Amino acid sequence: MNADALREKFLEFFKARKHKIVASDSLVPGDDPTVLFTPAGMNQFKKQFLGLVADYRRAATAQRCLRTDDLDKVGKTSGHHTFFEMLGNFSFGDYFKKEAILWAWEFLTQELKIDKERLWVSVYKDDDEAYKIWKDEAGFPAQKILKLGDKENFWPSQAKQKGPNGPCGPCSEIFFDRGKELGCGEAVCDPSCDCGRFVEVWNLVFTQFNRKEGGALEPLPQKNIDTGMGLERLAAVMQGAENNFETDLFRPLIKEITSAIENNEGENKLLVYAVVDHIRAITLAIYDGILPSNEGRGYVIRKLIRKSVLHLRALGINSPFLNRLVPLVALVMHVPYPDLKDKQEDIALVILNEESNFIKILECSDDILESNEKSALERIEEDLQTQPKGDDGVIHISSNTASSVAISVVRLYETNGIPIDISTNHFSNLIEERGLKNDPLAIADKVKDRLNNLREFSKAKSKMKGDVFDAKKLDLKLDETRFIGYEKNSAEAKILAILKGGKEVKEVLSGDKLEIVLDQTPFYAESGGQVGDTGKIINAGNVFEVLDTKKADNVFLHIGKFISGSFKKGDSVTAKINSERRLNIAKNHTATHILQAALKKVLGDHVRQQGSLVAVEKFRFDFTHFKGLSKEEIARVEEVANSYVSKGEAVNFKEMTLAEAKKIGALAFFEEKYGENVRVVGIGDISKELCGGTHLDNINNIGLIKIISESSVSSGIRRIEGVTGIFAEQFIKDQEKKTAKEARKGEQLKELKEKEKKHRLQINNSLKDAIPRLINKVVKINDINVAFSLEPGLDMNTLRLMTDKVKERLKQGVVALGSQDNEQDRAYLVVAVTQDLVSRGLDATALARQIAPTIGGSGGGRKDFAQAGGTKPENLEKAMQELKEIIAKVKL
């Protein structure tokens, strides 16, 4: 039986037992900040488990999941995966252990007709109720019911001893016996043995306790059922496969890789398994909008791509290959995810881009390694200075150096993806080149320690946690706020609560930042990239200024402070938004829909929204595209967008089911979580999008869309910022002013350059006349050729140039020129000495410093060329006379 049939059978089985079939949630957890990815089927039912939502009491899903806590085991064992599908049935205060156990038994043995003799079960050691149900009602042999402890059969594992506090309970697991020939061969071998003979197929969790501080367990008022069965493992059982990878879920992918390599045995086979696992995780993650990056979820996906590239290189595939597997993933997964085929080209392009970049990194790894040597080199040099020689007469590296190398090796692996062995060998060669004795084992141990720390951190981020039921935001048990802001800008409302820091308060002090909860509101709460509304809540002379609006679990929080008076719970008030501000936001929000349509028309259908910000003054729109836009493309996008605006199409809004919205081609944004019923915003034949934001009634009211910037967000993601209406008009005016100002500056610069050119020409002409004149004025003092002159109206640069030219003409001598700046009332002096005199002890700097005080300043420079400046230009002649006297007394 293939995997698609198994999935369908499971869901149909529980549908017949009055379970609501709920679509798989995204791999991006919607309401659970405790995990990076959706790790289990129960995560999307947090509110139901807490009793906060009672729209249905039974549910069943085939949930796509992603875990990275066992990443190093993937491919090496028969059942570990990063991406997998979890089949699950759930009860929220409805049925409990009896039904969960008997239905599981019925599904496996009657629906799937699995041989009862090959099944085993385990129960928690103190759970006599579950044991009796299996033994007496399911008729399961007592000798095949194992009683296991807190680690194996309590959820969360060892929660009684180690926590966390919150809902927990015993569980019962169902195992499939693969056969004695695949076991350890011991006389006693059962599911508690880790030899690989027994495969855990299904886990039934009975959430019946609430753990309190200190480990005390109290019964929950609402007992829940949470079960999970891995589709991949079930497929392996039903298809008689050696392991999960030899099922129809993986075989087409394996075939594609093995056709490109020479050997698929031994270690190579395990590498192939790892790659086919990773490509499913990568593909479905990008499908859910998680793009490769250097942080968070994106970093995990980048790491999976890079590990896959390294595995493929080890198999002899050195060019980009991973992207070629995406269409096969789409084909294998077409039943649960039919729209994956529509996105496969975009996903493949993202992966190709990542592969290509990483291969370039590997090809230039030597350069990267050399640029990261500094820290290790400092430690090596320190060892050479401080470490004593060993018994072998050689200096051995210190523990600090081994640690420094390990840090560099792991950092290069984490940030650049450079394999551990390549960077370890590089640093080992560096150590030996410096004459130190290397310690490969010490470095390897420290690398291992750092990697283990990183893995523990990764596990903590990605595994399912007991505090997934954390209800801190929901302690108040407030009813959801009714939003009426699509129709009204003002409304009468009743105060349900006044909060401070999320906690209800009775006394309100002037100036306190507060949150007011109303039964209904026209205020839009920040979501979908759109900022929250501002405005006022009024009751006679009591006025509360709303500075922002946010929501927690559909309870709207009007955040602000009192301008006058006060409110109390139960008061009737008038809630009024800032209508002009809302209008500008609506212009920008509608503009983002038009912009996406324009981008698709100009760049191609691969463009998809990846994020947005809709504010008052501007909007920001992030989208998939693989290179920066040219000026011509930006102009064209802007032109198309404004041509749409000029059509004056009405904006219409329709409520429909999510399935109906998808059927008419409405675009959805990956980060938004949609319920069964959605709101579709349509603009003629230009755009259809799922959107809960506020919009204009007619796009003509936008006025003008102006793109003000285009930039990169991350690999494969571009960002456009734009303005609309009066803000667009103001931007254009500002740009025109800026252009005019730059034009004036350009003209001024041109004039300045012309003046400089004319000035240089005058200087060159004056130099041509002055140099012969100055050479003719040379006199001998103390057997030294000396050229003295005061040249009126020259700046320091011209004076230096003139001095240099005269010095060039003198074979031996001293040149001293002075000038006066009449505008600034400054004196300038330059002294130059030919090289032969410098070698005999004459110093231009010393000469300049001796006469500088006379002109009211100081001097300095080189031995052959120095200058001085001062505030007493009237003393220039006196300074020159002093210089003559100094030279006359020089003894060389």
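The values are calculated or read from the model by the stated rules, or taken from the named source; none is laboratory data. Computed from a predicted model, the values in this text were never measured in an experiment. Every residue, glycine as well, gets a Cβ built from its backbone with ideal geometry; the counts of neighbours run over all protein chains shown. Protein only, heavy atoms only, side chains kept; ligands, DNA and RNA dropped before computing areas. Shrake-Rupley method; radii C 1.70, N 1.55, O 1.52, S 1.80 Å.
Which residues, taken from the range 809-841, are out of contact with any Asp or Glu (no Cβ under 8 Å at 6 or more places or on another chain) and among the acidic types (D, E)?
Residues satisfying the conditions are E823, D825, D836.
Any chance you could count how many residues in the range 273-298 are open to solvent by 30 Å² or more (accessible area, probe 1.4 Å) and basic (K, R)?
1
Restricting attention to the range 532-579, and to residues there that are outside any strand (DSSP E or B) and either at pLDDT 95 or above or open to solvent by less than 30 Å² (accessible area, probe 1.4 Å) (or both), which single residue is farthest from G675 (Cα to Cα)? Before the answer, list the steps.
Initial filter on the range 532-579 (outside any strand (DSSP E or B)): 532-534, 540-541, 553-554, 565-571, 578-579.
Next, from what is left, pick out any that are either at pLDDT 95 or above or open to solvent by less than 30 Å² (accessible area, probe 1.4 Å) (or both): 532-534, 567, 571, 578-579.
Working: G532: 21, D533: 24, T534: 27, F567: 35, D571: 33, N578: 29, S579: 29 Å.
Out of the qualifying residues, it is F567.
Being modelled with pLDDT of 90 or more and among the β-branched types (V, I, T): is that true of V28 here? Outline the logic, then answer.
Working: modelled with pLDDT of 90 or more: no; among the β-branched types (V, I, T): yes.
For V28, the condition - modelled with pLDDT of 90 or more and among the β-branched types (V, I, T) - is not met.
Pick from the range 813-859 the residues that are part of a helix (DSSP H, G or I) and of a type in the set (S, T, Y): which of them is nearest to the chain's Cα centre (by Cα)? Show your work before the answer.
We begin by selecting, within the range 813-859, every residue part of a helix (DSSP H, G or I); these are 835-839, 844-855.
Narrowing the set further to residues that are of a type in the set (S, T, Y) leaves 839, 845, 854.
Working: S839: 65, T845: 59, T854: 66 Å.
Within the range 813-859, the match that is nearest to the chain's Cα centre (by Cα) is T845.
Please go through the range 114-144 and pick out each residue that is in contact with a helix residue (DSSP H, G or I) (Cβ under 8 Å, 6 or more places away or on another chain), open to solvent by 50 Å² or more (accessible area, probe 1.4 Å) and either over 16 Å from F176 (Cβ atoms) or of a type in the set (V, I, T) (or both).
K125, E129, K135, E137
Considering only the range 802-827, how many residues are open to solvent by 10 Å² or more (accessible area, probe 1.4 Å) and farther than 21 Å from K872 by Cβ?
Of all residues in the range 802-827, those open to solvent by 10 Å² or more (accessible area, probe 1.4 Å) come to 804-805, 807-812, 820-826.
Of the ones still in play, those that are also farther than 21 Å from K872 by Cβ are 804-805, 807-812.
Number satisfying all stated conditions: 8.
From (1) assigned to a helix (DSSP H, G or I); (2) at pLDDT 90 or above, pick out the condition that doesn't hold for K805.
Status for K805: all satisfied but (2).
Can we say A728 is in contact with a strand residue (DSSP E or B) (Cβ under 7 Å, 6 or more places away or on another chain), part of a strand (DSSP E or B), without any contact (Cβ under 8 Å) to a residue 40 or more places away in the chain and hydrophobic (A, V, I, L, M, F, W, C)? Give the steps one after another, and end with the answer.
Numbers: in contact with a strand residue (DSSP E or B) (Cβ under 7 Å, 6 or more places away or on another chain): yes; part of a strand (DSSP E or B): no; without any contact (Cβ under 8 Å) to a residue 40 or more places away in the chain: yes; hydrophobic (A, V, I, L, M, F, W, C): yes.
For A728, the condition - in contact with a strand residue (DSSP E or B) (Cβ under 7 Å, 6 or more places away or on another chain), part of a strand (DSSP E or B), without any contact (Cβ under 8 Å) to a residue 40 or more places away in the chain and hydrophobic (A, V, I, L, M, F, W, C) - is not met.
Just to be sure I understand the filter: pairs with C-beta atoms under 6 Å, separated by 6 or more residues or on different chains, first member in the range 489-503 and not in a strand (DSSP E or B), second member not polar (S, T, N, Q). Which pairs pass?
Sorted first by the residue in the range 489-503, then by its partner, the pairs are N489/P522; N489/I577.
Among what's in the range 515-530 and is surrounded by fewer than 20 Cβ atoms within 10 Å (Cβ to Cβ) and within 30 Å of G611 (Cα to Cα), pick the residue that is modelled with the lowest pLDDT.
Step one: of the range 515-530, the residues surrounded by fewer than 20 Cβ atoms within 10 Å (Cβ to Cβ) are 519-520, 526-528.
Cutting the leftovers down to within 30 Å of G611 (Cα to Cα) gives us 520, 526-528.
Numbers: Q520: 97, E526: 95, S527: 92, G528: 88.
Among those that are surrounded by fewer than 20 Cβ atoms within 10 Å (Cβ to Cβ) and within 30 Å of G611 (Cα to Cα), it is G528.
Of everything in the range 103-113, what is in contact with a Phe, Trp or Tyr (Cβ under 7 Å, 6 or more places away or on another chain) and buried (at least 16 other Cβ atoms within 10 Å of the Cβ)? Give them in sequence order. Give the steps one after another, and end with the answer.
As a first pass, look at the range 103-113 and keep what is in contact with a Phe, Trp or Tyr (Cβ under 7 Å, 6 or more places away or on another chain): 104, 107, 111.
Within the range 103-113, A104, F107 meet the criteria.
Step by step: first the residues of the range 41-76, then only those that are surrounded by fewer than 20 Cβ atoms within 10 Å (Cβ to Cβ) and without any contact (Cβ under 8 Å) to a residue 24 or more places away in the chain, then the one that is farthest from K307 (Cα to Cα). Which residue is that?
Only one residue tops the list, namely D55.
Within the range 691-727, how many residues turn out to be among the β-branched types (V, I, T), open to solvent by less than 50 Å² (accessible area, probe 1.4 Å) and touching a helix residue (DSSP H, G or I) at 6+ places or on another chain (Cβ under 8 Å)? Walk me through how you get there before you give the answer.
Step one: filter the range 691-727 for residues among the β-branched types (V, I, T), giving 694, 699, 702, 705, 707-708, 713, 717, 720, 723-724, 726.
Okay, now just the ones that are also open to solvent by less than 50 Å² (accessible area, probe 1.4 Å), so 694, 699, 702, 705, 707, 717, 720, 723-724.
Cutting the leftovers down to touching a helix residue (DSSP H, G or I) at 6+ places or on another chain (Cβ under 8 Å) gives us 694, 699, 702, 705, 707, 720, 723-724.
Count: 8.
Residues to consider are D421, D391; find the one that is part of a helix (DSSP H, G or I) and either in contact with a helix residue (DSSP H, G or I) (Cβ under 8 Å, 6 or more places away or on another chain) or without any contact (Cβ under 8 Å) to a residue 24 or more places away in the chain (or both).
Values: D391 fails: part of a helix (DSSP H, G or I).
When all the criteria are applied, what remains is D421.
Which residues, taken from the range 504-531, are assigned to a strand (DSSP E or B) and hydrophobic (A, V, I, L, M, F, W, C)? Can you show your working first?
As a first pass, look at the range 504-531 and keep what is assigned to a strand (DSSP E or B): 504, 514-518, 520-521, 527, 530.
Selection gives L514, I516, V517, L518.
Residues in the range 602-610: is at least one touching a residue at least 60 places away in the same chain (Cβ under 8 Å), in a helix (DSSP H, G or I) and of a type outside the set (V, I, T)?
Checking the range 602-610: not a single residue is touching a residue at least 60 places away in the same chain (Cβ under 8 Å), in a helix (DSSP H, G or I) and of a type outside the set (V, I, T).
May I ask you to say which residue of L767, L799 is touching a Phe, Trp or Tyr at 6+ places or on another chain (Cβ under 7 Å), open to solvent by less than 70 Å² (accessible area, probe 1.4 Å) and assigned to a helix (DSSP H, G or I)? It would help to see each step written out before you state the result.
Numbers: L767 fails: touching a Phe, Trp or Tyr at 6+ places or on another chain (Cβ under 7 Å).
Going through L767, L799 in turn, the sole match is L799.
Return a yes/no flag: does the range 158-172 have any residue that is crowded, with 22+ Cβ neighbours inside 10 Å and of a type in the set (D, E, K, R). So that I can check it myself, show each step before the final result.
Kept after step one, since they are crowded, with 22+ Cβ neighbours inside 10 Å, are these residues of the range 158-172: 167-172.
Subsequent filtering for residues that are of a type in the set (D, E, K, R) retains none.
No, there is no match, as no residue in the range 158-172 is crowded, with 22+ Cβ neighbours inside 10 Å and of a type in the set (D, E, K, R).
Out of the range 828-845, which residues are surrounded by fewer than 24 Cβ atoms within 10 Å (Cβ to Cβ) and in contact with a strand residue (DSSP E or B) (Cβ under 8 Å, 6 or more places away or on another chain)?
Selection gives T834, L837, L842, D843, T845.
Out of the residues in the range 327-378 that are among the small types (G, A, S) and within 23 Å of the chain's Cα centre (by Cα), state the one that is most open to solvent (accessible area, probe 1.4 Å).
So the residue we want is S356.
With at pLDDT 90 or above, closer than 27 Å to F10 by Cβ and of a type in the set (G, A, S) as the only criterion, which of G139, G149 stands out?
Being at pLDDT 90 or above, closer than 27 Å to F10 by Cβ and of a type in the set (G, A, S) holds for just one of G139, G149, which is G139.
Just give me the residues in the range 770-796 being open to solvent by 40 Å² or more (accessible area, probe 1.4 Å) and assigned to a helix (DSSP H, G or I), in sequence order.
P772, R773, I775, N776
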